[in-house]
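J.: Here it is: the structure, laid out below.
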Amino acid sequence: MDQIVRPVDRYLVTPQQVTTIQSAANMLNEKCMKGFGLRGVATELFGFDAKSIRYDKTHAPLYGFFDPAQAGASGYDRVPSQPAPAPSGAVPPSMDAMTVEHGMDAAGSPVSTFAGKSLPAGGCKGQSVRGTGGALPIPDPKALPDHGPQIPTDDPRILKVTAAWSACMKTKGFTYANPQDALDNPQLIPKTSERNGVISGQHSADELKQASADVACKLSTNMVGISLAVQSAYDTRYVEGHTQALREYSQQIESRVREAAQISKEEAKG
């Protein structure tokens, strides 16, 4: 699955670019908070680790779940990635800090002043977001111009291979119209438990059996290969029809990253 590369991938913001922008925003937030005699809380990025990126490739709306290496051991692998637990002894931010940082009081009402000083709209966090070009970009095709390429699920090629997959699953004792229905079966969601801030899941024998059959049927019908070929065709059509918009989008991201790197460099000097 690590070899899957879509034609639109080269236009997506990278995790490193997102990190650069967020790091600059955190530094601006901290600077703003110091102006009020308070300490800011850095926004931690979540979902950009190797496991999360792999998860997005092995769980796709077009073909559902596909990870031959994991199906027999961890089923549909739906235990989510999670943020690192807070350090032992960490002190939660005070109400004053939260008010200044987010520009809202405990009731969620906007606050414009604190200790006689004007607060920026949205608090220090809001100011830091605006100072780095706006909302954080995400590495998702839907974030591209016009919401990225649209892959119709009623494409005849998708319908044909889905029917073949469904027939294969039926021979193994499972009745599903499409892979997403199989993946969404609530009876197969693993039971989770938390210990010391770490979430773990217990996969049932039924989940492991179905996930293995699911993958086997996708291999025998070449469902993933066909789906990716269809997806690539729509991607290519989208790229060809959005050349200028994609160029401008990429330039905008690159500009934000350069500016963010400069902010971090200047703030680091103190």
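The values are calculated or read from the model by the stated rules, or taken from the named source; none is laboratory data. Being a predicted model, the structure only gives us computed values, none of them experimental. FYI the Cβ positions are ideal-geometry reconstructions off the backbone, even for glycines, and counts take in every protein chain you see. The accessibility values were calculated without ligands, DNA or RNA, using every heavy atom of the protein model including side chains. Shrake-Rupley method; radii C 1.70, N 1.55, O 1.52, S 1.80 Å.
J.: I'm told residue 267 meets every condition in (1) out of contact with any strand residue (DSSP E or B) (no Cβ under 9 Å at 6 or more places or on another chain); (2) loosely packed, with under 12 Cβ neighbours inside 10 Å; (3) modelled with pLDDT under 95; (4) not aliphatic (A, V, I, L, M) except one. Can you identify the failing condition by its number?
T.: Answer for residue 267: the failing condition is (2).
J.: Could you please let me know if residue 143 is at pLDDT 95 or above, hydrophobic (A, V, I, L, M, F, W, C) and over 25 Å from the mean Cα position of the chain (by Cα)? Talk me through it step by step, then tell me what you get.
T.: Values: at pLDDT 95 or above: yes; hydrophobic (A, V, I, L, M, F, W, C): yes; over 25 Å from the mean Cα position of the chain (by Cα): no.
No.
Residues are listed down the side, and each one gets a yes or a no for (1) open to solvent by 60 Å² or more (accessible area, probe 1.4 Å); (2) of a type in the set (Val, Ile, Thr); (3) in contact with a Gly (Cβ under 8 Å, 6 or more places away or on another chain); (4) at pLDDT 95 or above:
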{"position": "127", "(1), (2), (3), (4)": "yes, no, no, yes"}
{"position": "132", "(1), (2), (3), (4)": "no, yes, no, yes"}
{"position": "158", "(1), (2), (3), (4)": "no, yes, no, yes"}
{"position": "208", "(1), (2), (3), (4)": "no, no, yes, yes"}
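One line per residue, one yes/no per condition, for (1) within 25 Å of residue 69 (Cβ to Cβ); (2) open to solvent by 100 Å² or more (accessible area, probe 1.4 Å); (3) in contact with a Ser or Thr (Cβ under 8 Å, 6 or more places away or on another chain):
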| residue | (1), (2), (3) |
| --- | --- |
| 170 | no, yes, no |
| 173 | yes, no, no |
| 184 | yes, no, no |
| 200 | yes, no, yes |
| 212 | yes, no, no |
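J.: Would you confirm whether or not segment 33-43 contains a residue that is part of a helix (DSSP H, G or I) and either open to solvent by 30 Å² or more (accessible area, probe 1.4 Å) or at pLDDT below 90 (or both)?
T.: So the first thing to find is which residues in segment 33-43 are part of a helix (DSSP H, G or I), and the list is 33-34.
Applying the additional criterion that residues be either open to solvent by 30 Å² or more (accessible area, probe 1.4 Å) or at pLDDT below 90 (or both) yields 34.
Within segment 33-43 (the criterion being part of a helix (DSSP H, G or I) and either open to solvent by 30 Å² or more (accessible area, probe 1.4 Å) or at pLDDT below 90 (or both)), the answer is yes, since at least one residue qualifies.
J.: Give the residues of segment 44-78 that are β-branched (Val, Ile, Thr) and open to solvent by 40 Å² or more (accessible area, probe 1.4 Å), sorted by residue number.
T.: We begin by selecting, within segment 44-78, every residue β-branched (Val, Ile, Thr); these are 53, 58.
Correct list: 53 only.
J.: Counting only residues that are closer than 15 Å to residue 35 by Cβ and surrounded by 10 or more Cβ atoms within 10 Å (Cβ to Cβ), which one in segment 113-125 is modelled with the lowest pLDDT?
T.: If we filter segment 113-125 for residues that are closer than 15 Å to residue 35 by Cβ, which is where we start, we get 113-120, 123-125.
Still in the running and surrounded by 10 or more Cβ atoms within 10 Å (Cβ to Cβ): 114-115, 117, 119-120, 123-125.
Details: 114: 95, 115: 92, 117: 95, 119: 96, 120: 96, 123: 97, 124: 98, 125: 97.
Per the stated criteria, the residue is 115.
J.: Select from segment 29-76 the residues that are closer than 30 Å to residue 155 by Cα and of a type in the set (Ser, Thr, Tyr) and list them in ascending order. Lay out the reasoning, then the answer.
T.: Of all residues in segment 29-76, those closer than 30 Å to residue 155 by Cα come to 52-71, 75-76.
Matches in segment 29-76: 52, 55, 58, 63, 76.
J.: If you don't mind, there's one more thing I want to ask. Give just the number: which of (1) within 21 Å of residue 76 (Cβ to Cβ); (2) open to solvent by 40 Å² or more (accessible area, probe 1.4 Å); (3) at pLDDT 95 or above; (4) not aliphatic (A, V, I, L, M) does residue 236 not satisfy?
T.: Here residue 236 meets the rest and fails (1).
J.: Something else now. Open to solvent by less than 30 Å² (accessible area, probe 1.4 Å), of a type outside the set (Gly, Ala, Ser), over 15 Å from residue 78 (Cα atoms) and in contact (Cβ under 8 Å) with a residue 24 or more places away in the chain: does that describe residue 153?
T.: It is false that residue 153 is open to solvent by less than 30 Å² (accessible area, probe 1.4 Å), of a type outside the set (Gly, Ala, Ser), over 15 Å from residue 78 (Cα atoms) and in contact (Cβ under 8 Å) with a residue 24 or more places away in the chain.
J.: Just checking: which of the helices (runs of 4 or more DSSP H) contained wholly in segment 163-270 hold 3 or more residues that are in contact (Cβ under 8 Å) with a residue 24 or more places away in the chain, in contact with a helix residue (DSSP H, G or I) (Cβ under 9 Å, 6 or more places away or on another chain) and within 27 Å of residue 136 (Cα to Cα)? Steps first, please.
T.: Working: elements: 179-183, 205-221, 223-241, 243-269.
Correct list: 223-241, 243-269.
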